[in-house]
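Participant: Before I ask anything, here is the structure I am working with.
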Amino acid sequence: MGPPESNPATPPAGWGRRALLTPWPAVLLGVLCFLNCIGNDFAYDDVELIVDNPRIRSATDFRGIWLSDWWYPLEGTTHANPKRDRLYRPLTLHSFALDYAAHGRDPRGYHLANVALHAVVCSLAWYFARRMTGDAAVASLAAILFAVHPVHAEAVANVVGRAEVLAALSMLGGLLALTTRRAESVLWPTLVAALLFLLALLAKETAICYPAVALLVLYWTQRGRPWPWRWWLTRLALLLLPLVVYLPLRYVALEHQLFRVQPADVWMNPLVTATVVERVLGAFTILGHYTRLLLMPSDLSFDYGLAIVDPRAGFVPLTAVGLAAAAALVIGLLGFRSRDELRRQVAVWVALSLASYLLISNTVLLIGVSLAERLMYWPSVPVLSLTALGVVRFRRRYCRPGQTLAKSARLMYVLGVLLIGAFGLRTAVRNLDWADNLTLTSRDVETYPQGIHLNRGYATELIRFTAHMRDPNMRQQTLAQAEKYLVAALALDPANAEALALRAGVRAELGDIDRAYLYAESALLLEPSLPDALRVLARLRGAPDDEERRRANLRAVAESQPIDPTAWLALASAELDAGRPYAARE
C-alpha cells in the first residue's frame, strides 16, 4: 500500500484497495441485490400478519402488540387458531405498526425498511468479522458474501422475514459492545450487550442462542488474559438477566404457556411423526439441505415440508451431505486442542456456527418447520466468516509471487468475483419470485413439484385469482388447473383436509355437486370445524349467505358508478371484512 499523495484532490495510491477493506462494498452490494424487491407486493405470511392484522394499525396498542402472540388475533376471526405456532415477536410487530403509521398498507415502505436494515446488518457483520480475526480482508469477504447470498432472500424480500434481520442486527450490536476495549474492566458494555440481547429475543425467539455465542466470542477476544472465574460469572449473569424480563412477558402473551403445546403440523415438519431412527437420519438430511443452500443455492423455496423432507425415505444423497458436514464440524472443533492459532480460530468459528444452528436443527427440539431459508440469516454469519478466513489464508499462503499457485492467482481472483456476481444475480432473480403469492407459489411448485404445501398453496392462489375473472371459460380453465394441483397434493397426502375442502369448492364452482359434497364431508371427517368445508356445505345446502349477497350488491352499485369513490371504498371494506384482501386491493 503506497503512501498518500501530497495533493489532497488526487486519490492516494491504493485508495481502491483501501475502499475494498471497509464495510461499504458489502453495504452497497447488499442494497443493490435487494433493491428490486421494493416494488413487490405482500406475499406469504405478510398477508396475514400485515394486511389482515388489526393490531399493527395502532403503534400504541401495547396489549395487542406486546401482550399477545405473533398469530393472534387475525382479521375477521373471533377466536385464535388453537393449533397455531406459539411465537412471541412483539418488537417485529411493533416495527410493522410504525410502518403502517407512516404509509398504511403500501408495501414499498415495508420492503424499503427491510433493505435498509439488511444494509446495517452487512456493516455490522464486517465489524464483527474484523474484531474476531483482526483482518480487514477477511471481514470484507465475509460481509460481501453475507450481503449477496441468495439464502437471505426470504429474510429480506419477504417483509415478515424482518424478524430475522432485527434479531441479527441486535445480536451483532451486542457482540460488538461486549468486545470493546472498555468491556475488559467495565461492566457497562456488558449491560449494553444484555439490553441488545433482550431486543433480539423480542424480535425472534432464535436469539436465545446469544449467551452461548457471547461466551465463545469473549473466550476468543479475551484469550491470553487470565481473568478469574468471578469475572466470567459476572458477565454470564448479566447476559442472562434479560430472561428475567422476557420469559414472564412471553408467558403472559402466550396465554400462560412458554412453548408449543400441540406438535407441529406434519406437512410443515414431517419429523413430528418420525421414528427415532428416522429422526436421526432426518436431522442429518436437514443439515444436508442447509449445507447445499449455503454452497449451491440454485433451488430455493419458501417451503421444505412433507415429501420435500421425507423421513420415510431413509438415507438419501442429502443425508450423506449432512453426515459429511457434521464430520467437518467435528474435525473443526478438534482445533480447540491445538496450539496453532489458526486451528483454534477455526474451532471458535465452528463452535459459533453450531451454537447458532442448534435450535433450528430439529435435533434437541422439534420446531414448527423442518427447515427454512430465513432461519439461516444469523447462522450464516459465522459460516461465511469461516469461509472467508479459509479463502484469504489460502490465497496468502499459495497465491503470492513465488508461491505454488502464483500463476493462477489472477484466474482464482476472477473466479471469485464471478461467484459473488452469480450469488448476487441469483438473489436479485429470487427477489422477483416474492412479487406476490401467485408468482411465489408458481415458481416454487416448479422447483419442488413433490411439495404438498406448495401444490395446495398454488391451487389456493389460482382459486383466488378466478374471483377477478369475467370470462367464464377462462375461469373454468383456471379452476381446472387449480384442481390439478389439489389432486397432486392429495396424491401425496390423502388425509389433507384443507386440500379436500378446496377441491370441494372447485367442484361446486364447476357444477359437480355430488363430488363437492363428497370432498367437503370427507374434509370435515378429518377436521370437523374446518371453515372452508363448512362454507362449501352451507352453500350447497342453499343456506342464505347475507354477506356474499351484500358484497354482490355493493359491487353492482360500484360498477354502475365507476367514478364514485364512496361506492368502491364500501365494497373494499366489505371485502376486507370477509377476509379477502386481494379483492379489496383491486
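The values are calculated or read from the model by the stated rules, or taken from the named source; none is laboratory data. Keep in mind it's a predicted model, so treat the numbers as computed, not measured. Virtual Cβ from ideal backbone geometry, glycine too; neighbours counted across all protein chains shown. Remember, those area values only see protein heavy atoms, side chains included, never the ligands or the DNA or RNA. Shrake-Rupley method; radii C 1.70, N 1.55, O 1.52, S 1.80 Å.
Participant: Just one of (1) in contact with a strand residue (DSSP E or B) (Cβ under 8 Å, 6 or more places away or on another chain); (2) open to solvent by less than 40 Å² (accessible area, probe 1.4 Å) trips up Leu492, so point out which.
Facilitator: Going through the list (1) in contact with a strand residue (DSSP E or B) (Cβ under 8 Å, 6 or more places away or on another chain); (2) open to solvent by less than 40 Å² (accessible area, probe 1.4 Å), Leu492 breaks only (2).
Participant: Would you call Gly402 small (Gly, Ala, Ser), at pLDDT below 95 and in a loop (DSSP other than H, G, I, E, B)?
Facilitator: Criteria met by Gly402.
Participant: Shifting gears a bit: Is it true that Phe302 is modelled with pLDDT of 90 or more, within 20 Å of Arg89 (Cβ to Cβ) and not in a helix (DSSP H, G or I)?
Facilitator: yes
Participant: Among Ala119, Ala129, which is the only one that is at pLDDT 95 or above, assigned to a helix (DSSP H, G or I) and under 21 Å from the mean Cα position of the chain (by Cα)?
Facilitator: Only one candidate qualifies: Ala119.
Participant: When the residues of the range 357-396 are narrowed to those that are at pLDDT below 95, of a type in the set (Gly, Ala, Ser) and under 19 Å from the mean Cα position of the chain (by Cα), which ends up nearest to Pro211 (Cα to Cα)?
Facilitator: Here the answer is Ser361.
Participant: A follow-up question, please. Could you check how many residues of the range 432-465 are closer than 19 Å to Ala372 by Cβ, among the small types (Gly, Ala, Ser) and in a helix (DSSP H, G or I)?
Facilitator: 1
Participant: Go through the residues of the range 201-212 one by one and say whether even a single one is over 20 Å from the mean Cα position of the chain (by Cα) and either more than 24 Å from Met376 (Cβ to Cβ) or among the basic types (Lys, Arg) (or both).
Facilitator: No, the range 201-212 contains no residue that is over 20 Å from the mean Cα position of the chain (by Cα) and either more than 24 Å from Met376 (Cβ to Cβ) or among the basic types (Lys, Arg) (or both).
Participant: Do the conditions hold for Val31, that is, is it in contact (Cβ under 8 Å) with a residue 12 or more places away in the chain and closer than 30 Å to Ala137 by Cβ?
Facilitator: So Val31 passes the test.
Participant: Turning to a different aspect of this structure: Take the residues in the range 147-202 that are of a type in the set (Lys, Arg) and surrounded by fewer than 24 Cβ atoms within 10 Å (Cβ to Cβ), then tell me which one is modelled with the highest pLDDT.
Facilitator: Filtering the range 147-202 for residues that are of a type in the set (Lys, Arg) and surrounded by fewer than 24 Cβ atoms within 10 Å (Cβ to Cβ), the one modelled with the highest pLDDT comes out as Arg181.
Participant: Which of (1) free of Cβ contacts under 8 Å to residues at least 24 places away in the same chain; (2) among the aromatic types (Phe, Trp, Tyr); (3) surrounded by 21 or more Cβ atoms within 10 Å (Cβ to Cβ) is the odd one out, the single condition Phe302 does not satisfy?
Facilitator: Just one mismatch for Phe302, condition (1).
Participant: Ok, one more. Restricting to the range 228-246, give me the number of residues that are surrounded by fewer than 13 Cβ atoms within 10 Å (Cβ to Cβ) and in a loop (DSSP other than H, G, I, E, B).
Facilitator: Here the count works out to 1.
Participant: Let me ask something else about it. Please enumerate the residues belonging to the range 203-227 that are among the aromatic types (Phe, Trp, Tyr) and open to solvent by 10 Å² or more (accessible area, probe 1.4 Å).
Facilitator: Tyr219, Trp227
Participant: Something else: The conditions are (1) modelled with pLDDT under 95; (2) open to solvent by 30 Å² or more (accessible area, probe 1.4 Å); (3) not hydroxyl-bearing (Ser, Thr, Tyr), and Asp135 fails exactly one of them. Which is it?
Facilitator: Asp135 satisfies all of (1) modelled with pLDDT under 95; (2) open to solvent by 30 Å² or more (accessible area, probe 1.4 Å); (3) not hydroxyl-bearing (Ser, Thr, Tyr) except (2).
Participant: Out of the range 358-369, which residues are in contact (Cβ under 8 Å) with a residue 12 or more places away in the chain and either open to solvent by 30 Å² or more (accessible area, probe 1.4 Å) or touching a Ser or Thr at 6+ places or on another chain (Cβ under 8 Å) (or both)?
Facilitator: Hits for the range 358-369 are Leu358, Leu359, Ile360, Asn362, Thr363, Leu366, Ile367.
Participant: Among the residues of the range 247-287, which ones are surrounded by 17 or more Cβ atoms within 10 Å (Cβ to Cβ), among the aromatic types (Phe, Trp, Tyr) and in a helix (DSSP H, G or I)?
Facilitator: Phe284
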